[in-house]
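These notes concern the structure reproduced below.
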Amino acid sequence: MASSSKRPRSGTAGASGGPDTPGAADGSGTSGAAGAPDADGTPEAAAATGARVAAETVPHVRVAVIGSGFGGLGAAVRLRRAGITDFVVLERADSVGGTWRDNSYPGCACDVPSHLYSFSFAPNPDWPRSFSGQPDIRAYLEKVATVFGLRPHLRFNAEVLEARWESEATRWRITTSAGQWTADAVVSAAGPLADPQVPDLPGLSGFPGKVFHSSRWDHDFDLTGKRVAMVGTGASAAQIIPSIQPEVGKLTVFQRTPAWVLPRRDREITQLEKWLHGRLPVTAKVRRGTLFALRELQVDAFVRRPGMLRLVQQLAERHLAQGVADPALRARLTPDYRIGCKRILLSNTYYPALSAANTEVVASGLRELRGSTLVAADGSEHEVDAIVFGTGFHVTDMPIGDRVFGVNGTSLAEEWKGGMEALRGSTVRGFPNLFFVIGPNTGLGNSSMILMIESQLNYMIDALTMLRSIGAAAMQPTARAQRQWNLELQHRMDRTVWTTGGCRSWYLDPSGRNTVLWPGSTSSFRRATRKVDLGEYELIMRAAPAATRTVQEVSA
């Protein structure tokens, strides 16, 4: 596949000669044989020629995108629309979809309305339900990849093992499981919900039954009649439990902290609605705009006036009372923190499944395993045949951080050892031309992440366009700009329900800082990322690749 419609730069191989091209790795298939002597036939000349040919087998692109979920595909579309076609999308799996490819567990669906959980530039009039399931969302992403001509840019089974900034060449060198690329810029769209987190429990390796994480569901393993343990009661578990409870023999749910649950207003979208949205696109825009506005109105309660959530909590309490008749079970399922502090779950079937005769709720975390016996923190013991971990992902310690190395060879993980932070959730000092999609403090607690993704894509495109117009090779935030942005952000975070609600959530890093969520509306984030402010950046010029100059120095 060709990954670019542009001719390759002089001295580099075109993307069409990428690592998936036969012979590219050893130089065969190039115009000259690797190691062939020059005209004078000397060993020195032969070595020089071999080195040159070897270098030419590493393709160079303007942009390398990591990941092919919503963020990666969105970046690819925006790059093409901006006239940048010299790019590749590096995907470790064999198809697009990101988290919507990986999470295929029973009952998997989105808790954001379908018409808001899609790209503004790619509306889908054919959503089957108001809250669509995983197969429909994955199909939507496959369609985006095809309709927008992204497939020639995709490189599957190309897991990024290392991305290293080369200061002298002012470029990134990306090493993948399928070979190497060099790139002027890297867009990290690996996402925070990509790598599952499984607790390191004593005795887990000796468990004789089946074990898997919710995002790595084993569809070949039949749960029918089995004794199954569900570890965790988060968003995935709330969908899995009602789906498997009717078929398993015994379901044991290990709950460290109960969640607030609200009714799920889901229904099938009628054929008339689909027809209207397809024939009159303005009706779909009105629907999307209404959904957007309703969620923007909720923001103030989460970020500035948590007391306003009292009415919502009363609705959740009523939903619990209606779904669980047993007062003892209801007490175990009642949170002791303010609603909104942890992620609010949406389900009409969760409480009935927990109340079923074959379900046992253990109001305690899992402490250890002794063979097929699971021992809870409260000392109770439970015999099971299979364990499903719904224990979340590496969010505040994104694994991509261990693979990205910036100026002076410092890894992103080392840079973030005191907590993740970036300028406007998008760029990090010491890592020139590295742009994040869903970076630090860009998550949401009540609306569609696609809105945040599109805002960051605007910012990334503006940065790349600006670099070209100025003639600079790269850019990185100033220390002052990045520090000031994050100080103000954390100050605003102090008033939010995520900080004041009385819970410990996966939004918080080990030091207790919320490095995941955005403490504002999606509209305010869109304004904050509409344009790149060069006053917040240092530019690295091509004329002096080792020197970093400020905007003021460039102007002078």
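The values are calculated or read from the model by the stated rules, or taken from the named source; none is laboratory data. These figures come from a predicted structure and were not determined experimentally. FYI the Cβ positions are ideal-geometry reconstructions off the backbone, even for glycines, and counts take in every protein chain you see. Remember, those area values only see protein heavy atoms, side chains included, never the ligands or the DNA or RNA. Shrake-Rupley method; radii C 1.70, N 1.55, O 1.52, S 1.80 Å.
Residue-level check: of (1) within 15 Å of residue 187 (Cβ to Cβ); (2) open to solvent by 10 Å² or more (accessible area, probe 1.4 Å), residue 409 misses just (1). Pairing each residue of segment 99-120 that is within 20 Å of residue 295 (Cβ to Cβ) and aromatic (Phe, Trp, Tyr) with any residue that is in a helix (DSSP H, G or I) and open to solvent by 30 Å² or more (accessible area, probe 1.4 Å), provided the two are 6+ apart or on different chains, yields C-beta distances under 9 Å for 117/449.
Of all residues in segment 146-173, which are of a type in the set (Phe, Trp, Tyr), open to solvent by 10 Å² or more (accessible area, probe 1.4 Å) and out of contact with any helix residue (DSSP H, G or I) (no Cβ under 9 Å at 6 or more places or on another chain)? The one that is of a type in the set (Phe, Trp, Tyr), open to solvent by 10 Å² or more (accessible area, probe 1.4 Å) and out of contact with any helix residue (DSSP H, G or I) (no Cβ under 9 Å at 6 or more places or on another chain): 156. Working only within segment 209-238, note down all residues that are among the polar types (S, T, N, Q) and either open to solvent by 30 Å² or more (accessible area, probe 1.4 Å) or free of Cβ contacts under 8 Å to residues at least 24 places away in the same chain (or both). Matches in segment 209-238: 224 only.
Conditions (1) in contact (Cβ under 8 Å) with a residue 24 or more places away in the chain; (2) hydrophobic (A, V, I, L, M, F, W, C); (3) within 30 Å of residue 292 (Cβ to Cβ), marked per residue:
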| site | (1), (2), (3) |
| --- | --- |
| 425 | yes, no, yes |
| 428 | yes, yes, yes |
| 431 | yes, yes, no |
| 437 | yes, yes, yes |
| 456 | yes, no, yes |
| 460 | yes, yes, yes |
| 489 | yes, yes, yes |
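Specify the residue that is farthest from residue 391 (Cα to Cα); the eligible residues are those in segment 316-353 that are of a type in the set (S, T, N, Q) and loosely packed, with under 15 Cβ neighbours inside 10 Å. Filtering first and then ranking leaves 322.
Here residue 399 meets the list (1) out of contact with any helix residue (DSSP H, G or I) (no Cβ under 9 Å at 6 or more places or on another chain); (2) within 30 Å of residue 521 (Cα to Cα); (3) surrounded by fewer than 19 Cβ atoms within 10 Å (Cβ to Cβ) almost entirely, failing just condition (1). For segment 79-102, what are the residues that are β-branched (Val, Ile, Thr) and open to solvent by less than 10 Å² (accessible area, probe 1.4 Å)? If the condition is that a residue be β-branched (Val, Ile, Thr) and open to solvent by less than 10 Å² (accessible area, probe 1.4 Å), then 84, 88, 89, 96 are the ones that fit.
Name the single residue, out of those in segment 239-255 being polar (S, T, N, Q) and in a loop (DSSP other than H, G, I, E, B), that is most open to solvent (accessible area, probe 1.4 Å). Among those residues, the one meeting the criterion is 245. Of all residues in segment 102-128, those satisfying the criterion of being part of a loop (DSSP other than H, G, I, E, B) and among the hydrophobic types (A, V, I, L, M, F, W, C) are 108, 110, 112, 116, 119, 121, 122, 127. With respect to residue 544, determine if the residue is modelled with pLDDT under 95 and open to solvent by less than 30 Å² (accessible area, probe 1.4 Å). So residue 544 fits the description; yes.
Here residue 379 passes the criteria (1) surrounded by fewer than 23 Cβ atoms within 10 Å (Cβ to Cβ); (2) in a strand (DSSP E or B); (3) out of contact with any Phe, Trp or Tyr (no Cβ under 7 Å at 6 or more places or on another chain) except the one numbered (2). Out of 201, 154, 116, one residue alone is under 23 Å from residue 446 (Cβ atoms) and hydrophobic (A, V, I, L, M, F, W, C). It is 116.
What are the residues in segment 277-302 that are without any contact (Cβ under 8 Å) to a residue 24 or more places away in the chain, in a helix (DSSP H, G or I) and of a type in the set (A, V, I, L, M), if any?
282, 286, 293, 294, 297
All of 492, 480, 527 fail the test of being modelled with pLDDT of 95 or more, among the charged types (D, E, K, R), open to solvent by 70 Å² or more (accessible area, probe 1.4 Å) and within 28 Å of residue 408 (Cβ to Cβ), apart from 480.
Does segment 360-376 hold any residues that are of a type in the set (Val, Ile, Thr) and either free of Cβ contacts under 8 Å to residues at least 12 places away in the same chain or surrounded by fewer than 17 Cβ atoms within 10 Å (Cβ to Cβ) (or both), and which are they? Answer for segment 360-376, where residues must be of a type in the set (Val, Ile, Thr) and either free of Cβ contacts under 8 Å to residues at least 12 places away in the same chain or surrounded by fewer than 17 Cβ atoms within 10 Å (Cβ to Cβ) (or both): 373, 375.
Residues that are in a helix (DSSP H, G or I) and touching a helix residue (DSSP H, G or I) at 6+ places or on another chain (Cβ under 9 Å) within segment 258-276 comprise 273, 276, listed in sequence order.
All conditions but one from (1) in a helix (DSSP H, G or I); (2) more than 20 Å from residue 195 (Cα to Cα) apply to residue 401; the one that does not is (2).
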